[in-house]
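Below you'll find the structure, written out as structure tokens, and then a few comments.
The values are calculated or read from the model by the stated rules, or taken from the named source; none is laboratory data. The structure presented is a predicted model; accordingly, all values stated were derived computationally and were not measured. Here the Cβ positions follow ideal geometry from the backbone for every residue, glycine too, while neighbour counts run over all protein chains shown. Ligands, DNA and RNA are stripped out before the accessible areas are found, and what is left, the full protein with its side chains, is counted by its heavy atoms. Shrake-Rupley method; radii C 1.70, N 1.55, O 1.52, S 1.80 Å.
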Amino acid sequence: MRLILLGPPGAGKGTQAQRLVHKYNIVQLSTGEMLRAAVAAETPIGLQAKDIMASGALVPDEVVVSIISDRLDQPDMKNGFVLDGFPRTVPQAAALDDLLRKKHIKLDAVVELRVNESALLSRVETRVAEMRARGEEVRIDDTPEVLSKRLASYRSMTEPLIHYYSERRKLLTVDGMMTIEHVTREINRLLSAIGAVEPKAAAPA
Ligand code: AP5
């Protein structure tokens, strides 16, 4: 199974990606996580990305495309993958199309999680509070100021992908305002409806 999860910051992409990974034994490819690891390790990419991420802007397309291109060549991709946070611009989507075409890989679907803005803000606030309570380091881009810039980046750079994938008949839209469990069920139901998984495999565990 090859999927893309699309949605604004805090929509639940990471949460749903993890659930898909467990259910279908596929790999989660989160460019946000990969970039945070690169920042923490102070690699050349991390040093380039650090200030951009802290400001809520997007890292240059060529940087994330090369990360994903390298990752898609790894042997653990054979069962499939869920892309979480990539592509995020039309040029990234076009580059992904090229990569997949060259590797003879077919994309099954793009799942868009729709969540309204006030819910996004409160979800990220909750995430910050929970991380603090667990004594974990809070993401530096999870402040209200940076979050509003991340949302603006999403609206201007990423939202056009809804049209891009809808035109290519890949888009499945899910109401992300439901509970985590209900969102998972709806994603599985839609994947089964398009034949990406057997109805039995998509049923709740
Ligand atoms: P990234 O790490 O991808 O962050 P994001 O897209 O802003 O998304 P989040 O991780 O904040 O949210 P999410 O949708 O995964 O929600 P989650 O499941 O955590 O990117 C960070 C930065 O990296 C970017 O700003 C950019 O600079 C750079 N970057 C990354 N990819 C790039 C790319 N391709 N190109 C260029 N730059 C790139 O859920 C959030 C919270 O809500 C959690 O606490 C969760 O428990 C809760 N929650 C989830 N679902 C529900 C629900 N249904 N009901 C109630 N609560 C819920």
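Worth a mention:
- Residue within region 106-120 that is open to solvent by 40 Å² or more (accessible area, probe 1.4 Å), aliphatic (A, V, I, L, M) and out of contact with any helix residue (DSSP H, G or I) (no Cβ under 7 Å at 6 or more places or on another chain) present: no
- Qualifying positions in region 173-205 - surrounded by 15 or more Cβ atoms within 10 Å (Cβ to Cβ) and more than 16 Å from the ligand (Cβ to nearest atom): L191, S192, A196, V197, A202
- Where a residue in region 127-152 is of a type in the set (S, T, Y) and its partner, wherever it lies, is open to solvent by less than 80 Å² (accessible area, probe 1.4 Å) and within 12 Å of the ligand (Cβ to nearest atom), with Cβ under 8 Å and at least six apart: S148/G56
- Candidate set: region 126-145, residues that are more than 21 Å from E33 (Cβ to Cβ) and of a type outside the set (A, V, I, L, M, F, W, C); chosen: the one least open to solvent (accessible area, probe 1.4 Å): P144
- Test: A37 is assigned to a loop (DSSP other than H, G, I, E, B), open to solvent by 40 Å² or more (accessible area, probe 1.4 Å) and of a type outside the set (S, T, N, Q): no
- Counting only residues that are within 11 Å of the ligand (Cβ to nearest atom) and in contact with a Phe, Trp or Tyr (Cβ under 6 Å, 6 or more places away or on another chain), region 1-60 holds 3 of them.
- Residues in region 85-105 that are open to solvent by 20 Å² or more (accessible area, probe 1.4 Å), touching a helix residue (DSSP H, G or I) at 6+ places or on another chain (Cβ under 7 Å) and in a loop (DSSP other than H, G, I, E, B): 2 in all.
- Residues within region 150-169 that are basic (K, R) and crowded, with 17+ Cβ neighbours inside 10 Å, tallied: 1
- Test: residue in region 53-75 that is more than 26 Å from R185 (Cβ to Cβ), aliphatic (A, V, I, L, M) and out of contact with any helix residue (DSSP H, G or I) (no Cβ under 8 Å at 6 or more places or on another chain): no
- The residues of region 51-71 that are exposed (fewer than 14 other Cβ atoms within 10 Å of the Cβ) and over 19 Å from K149 (Cα atoms), listed by number, are E62, S66, D70.
- Test set (1) part of a helix (DSSP H, G or I); (2) out of contact with any strand residue (DSSP E or B) (no Cβ under 6 Å at 6 or more places or on another chain) - A17 fails condition number: (2)
- Consider region 72-84 and keep the residues that are assigned to a helix (DSSP H, G or I) and open to solvent by 60 Å² or more (accessible area, probe 1.4 Å). The one that is farthest from the ligand (Cβ to nearest atom) is P75.
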